[in-house]
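The values are calculated or read from the model by the stated rules, or taken from the named source; none is laboratory data. Values in this document were obtained by computation on a predicted structure and should not be read as measured data. Every residue, glycine among them, receives a Cβ derived from its backbone with ideal geometry; neighbour counts consider all protein chains shown. Heavy atoms of the whole protein, side chains included, go into the accessibility calculation; ligands, DNA and RNA do not. Shrake-Rupley method; radii C 1.70, N 1.55, O 1.52, S 1.80 Å.
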Amino acid sequence: MERPNAWKKYDKKALKAVEAAAKGYKAYLDAGKTERECAREAVRLAEENGYIDLRAAIQKGHGVKPGDKLYQVQMGKAVMLFHVGRNPLEKGLNIVGAHIDSPRIDIKQNPFYEDTDIAYADTHYYGGIKKYQWVARPLALHGVVAKKDGTLVPIVIGEDENDPVVGISDLLIHLSQEQMGKKLSEAITGESLDIMLAGQPLQGEEKEPVKAMLLKFLRDKYGLEEEDMISAEIEAVPAGKARDYGLDRSMILGYGHDDRVCAYAELAAMFQLPAAPEYTCCCLLADKEEIGSVGATGMQAQYFENAVAELMQLTGEGGDLKLRRALANSRMLSCDVSAGYDPLYASAFEKKNAAYLGRGVCYNKFTGRGGKSGSNDANAEFMGRLRKIMDEHNVSWQTAELGRVDLGGGGTIAYICALYGMEVIDSGVPVLSMHAPNEIISKADLYEAIQAYTAFLIDMEG
């Protein structure tokens with residue numbers, strides 16, 4: 001039952017393919033540190049590979065035929081790609097779905113203040129983080145500011161080597177006796193995650209001169225006023241690029257592997273499909289998974305259902321009943337990362353049912369925690385069909401749970417899509433240091449995920 005290490009099967013040609021996949025993924029990770037940036041980069045790659053905007057096709061009123069490739073963007077933060085197949089959509093789609101949001105620190109709407117000659121920004125962290133991991137490290141600012149006239153001002157500060165970086169200070173060890181005596185979850189509080197932005201007073205300004213210097217910078221560089229922050233979405237993320245990790249360069253260290261590694265693997269799989277696959281294939285990149293898949297760009301919204309309805313109208317299969325049949329007959333891999341086994345923290349895992357770096361893509365029949373609370377729990381029949389496809393395509397794969405029964409747990413978008421009645425199972429890449437500012441994956445697992453998702457899209461039958 002122990003799954004072999006994928007690296008052992010690679011010849012020179014395969015090793016080059018593994019490295020090529022890693023190179024492409026690192027570029028995607030560097031280009032997409034927010035959900036907006038990930039969506040934009042996904043669209044750029046899609047258009048390079050012949051995809052056109054579904055909404056443009058709707059406006060032109062022309063039909064859709066097998067082999068056509070279309071995409072749709074939801075509010076700039078979620079993306080759907082469709083590669084139309086030979087079978088009617090009513091027979092279902094083959095879907096791979098991931099999320100492109102990651103844990104981070106968001107700037108509040110009324111953020112700026114000055115205290116003892118330093119200008120700060122108030123924040124509210126997003127998703128599940130260990131707060132102590134985010135202090136005393138360089139952070140970059142990414143996002144957009146929407147002005148009253150409708151202008152959208154992009155912000156990226158801290159990624160160019162000539163840029164300044166920002167960050168959150170920590171208490172020096174010499175004065176940390178009380179802090180060090182607290183639980184890790186209490187040593188750094190959410191209200192203390194305020195970001196230092198400036199420290200020089202503006203000449204001639206008497207009231208809050210350092211804050212005034214900060215506002216002058218924003219006004220001179222971006223044409224922004226303090227009030228514009230009310231309609232801003234600025235995210236603080238770890239500064240710097242994804243890097244090869246390990247002396248053998250077998251791994252990748254970077255921010256946002258959860259879940260952008262699966263998102264990239266899905267895109268790569270879509271781009272190597274045959275001209276007209278048997279079933280329509282869909283890549284679904286959703287937002288807001290880290291906070292419950294809520295909101296108009298989260299998976300609980302109906303934009304995916306609406307896009308499929310529009311697509312069916314263009315193929316001449318319109319109608320509510322046919323849409324319901326299409327969704328119920330679909331097959332899906334909910335592609336989200338899983339916890340990689342870490343021998344330094346062995347007590348958190350059940351070793352026989354853990355995912356291991358380097359052993360390929362992993363399948364989680366169920367997630368949740370004690371009692372499988374919040375889990376999708378895929379059907380055995382679907383798992384059996386997947387095993388057959390993976391083995392026929394020589395994909396390295398493994399099964400996993402997310403930690404010990406009464407300890408672990410985690411959510412994905414699987415249970416939401418399963419509400420349509422479709423077959424869904426969780427499938428992803430093992431990750432070490434998940435939800436930390438920098439996470440670790442194996443290049444082999446990324447490569448095997450691409451192969452797995454390609455095989456699923458091509459060969460999974462209704």
### Distance (nanometres) between label positions extended 7 Å along Cα→Cβ at E2 and R86
4.4 nm
## Note on the structure
With a Förster distance of 25 angstrom and the Cβ-Cβ distance between L407 and E381, calculated FRET efficiency to the nearest 0.05 equals 0.25
#### Entry: Value at 222 nm in deg cm²/dmol, rounded to 500, when DSSP H runs of n ≥ 4 in the chain each add -39,500 (n - 2.57)
-8500 deg cm²/dmol
### Query
If you project the alpha carbons of the range 38-106 onto their three principal axes, what span does each projection cover, largest first, in Å?
44, 26, 19
### Where GluC sites (Glu not before Pro) fall in DSSP loop in the range 106-171, at most 14 other Cβ within 10 Å
E161
### Query
Please state the Cα pair-distance histogram of the range 90-142 with 10 angstrom bins from zero: what percent is in each bin?
16, 38, 22, 11, 9, 3, 1
### Query
Do any GluC sites (Glu not before Pro) in the range 411-462 lie in a loop, going by DSSP, with at most 14 other beta-carbon atoms within 10 Å of their beta carbon, and if so which?
E461
### Query
If you take the alpha carbon radius of gyration of the range 297-392 and divide it by 2.2 N^0.38 Å, what ratio comes out, to two decimals?
1.45
### Message
Binning at 10 angstrom from zero up to the longest distance, how are the C-alpha pair distances of the range 1-135 distributed in percent?
### Response
9, 23, 26, 24, 12, 5, 1
### Summary
Computed over the chain: longest principal axis from alpha-carbon atoms vs helix 257-270 long axis, angle to nearest 10 degrees, is 40 degrees
### Contact order normalised by residue count of the range 310-378, Cα under 8 Å, 6+ apart, percent
17 percent
### Accessible surface, per residue, of the range 149-194 when the full set of protein chains is kept, probe 1.4 Å, Å²
73 Å²
### Task
Quantify, in whole percent, the carbon and sulfur part of the accessible surface of the chain (1.4 Å probe; protein heavy atoms only).
51 percent
### Query
For the range 375-462, what is the accessible area per residue in Å², given a 1.4 Å probe and the full set of protein chains?
36 Å²
### Query
Net charge near A444, counting Lys/Arg +1 and Asp/Glu -1 over other residues with Cβ under 14 Å of its Cβ?
+1
### Summary
Taking the range 88-222, the whole-percent share of alpha-carbon pairs separated by over 22 angstrom is 52 percent
### Query
What's the longest bit of the chain with no exposed trypsin sites (Lys or Arg not before Pro), using DSSP loop states and at most 16 other Cβ atoms within 10 Å as the test?
250-403
### Query
Can you tell me the accessible area per residue over the range 3-111, all protein chains present, probe 1.4 angstrom, in square angstrom?
44 Å²
### Summary
Ranking M383, P209, T412 by how far each Cα lies towards the positive end of the charge dipole of the chain (+1 on Lys and Arg Cβ, -1 on Asp and Glu Cβ), the top one is M383
### Message
For the chain, which cysteines have no second Cys with its Cβ under 4.7 Å from theirs?
### Response
C38, C281, C282, C283, C362, C417
### Query
Going through the range 166-227, which GluC sites (Glu not before Pro) have at most 14 other Cβ atoms within 10 Å and a DSSP loop state?
E205, E206, E225
### Cβ-defined net charge surrounding G63, 13 Å radius [Lys, Arg +1; Asp, Glu -1]
-1
### Query
Which value, in Å to one decimal place, does the Kirkwood hydrodynamic radius take for the range 333-462 when every pair of different Cα atoms is included?
14.8 Å
### Query
Hey, of (i) 21, 48, 28, 3; (ii) 26, 58, 16, 1; (iii) 24, 53, 21, 2, which did the structure itself give for P(r) over Cα pairs in 20 Å bins from 0, in percent when calculated?
(iii)
### the range 46-171, relative contact order in percent, only Cα pairs under 8 angstrom and at least six apart counted
13 percent
### Message
Positive end of the dipole of the range 220-279, charges at C-beta (+1 Lys, Arg; -1 Asp, Glu), about the Cα centre: which of M229, A263, I252 has its Cα farthest in that direction?
### Response
I252
### Query
Taking the Cβ-Cβ separation of I230 and A136 as r and a Förster radius of 30 Å, what is the calculated FRET efficiency to the nearest 0.05?
0.50
### Query
What FRET efficiency, computed as 1/(1 + (r/R0)^6) with R0 = 30 Å and r the Cβ-Cβ distance, is obtained for A20 and R219, rounded to the nearest 0.05?
0.10
### Query
For the range 229-363, what does the equivalent ellipsoid look like in terms of its semi-axes, each the square root of 5 times an eigenvalue of the Cα gyration tensor, given largest first in whole Å?
34, 22, 17
### Query
Mean separation of Cα pairs under 8 Å and 6+ residues apart, divided by the residue count of the chain: what relative contact order is that in percent?
23 percent
### Query
Can you give the net charge of the other residues whose Cβ lies under 11 Å from the Cβ of S433, counting K and R as +1 and D and E as -1?
-2
#### Entry: Of K23/K216; K131/K351; K131/K288; K13/K241; K148/K288, those spanning more than 31 Å from alpha-carbon to alpha-carbon
K23/K216
### Query
Taking the Cα atoms only, what angle lies between the long axis of helix 380-392 and the longest principal axis of the chain, rounded to 10 degrees?
90 degrees
## Note on the structure
In degrees rounded to 10, the 0-90 angle between helix 443-459 Cα long axis and the longest Cα principal axis of the chain is 40 degrees
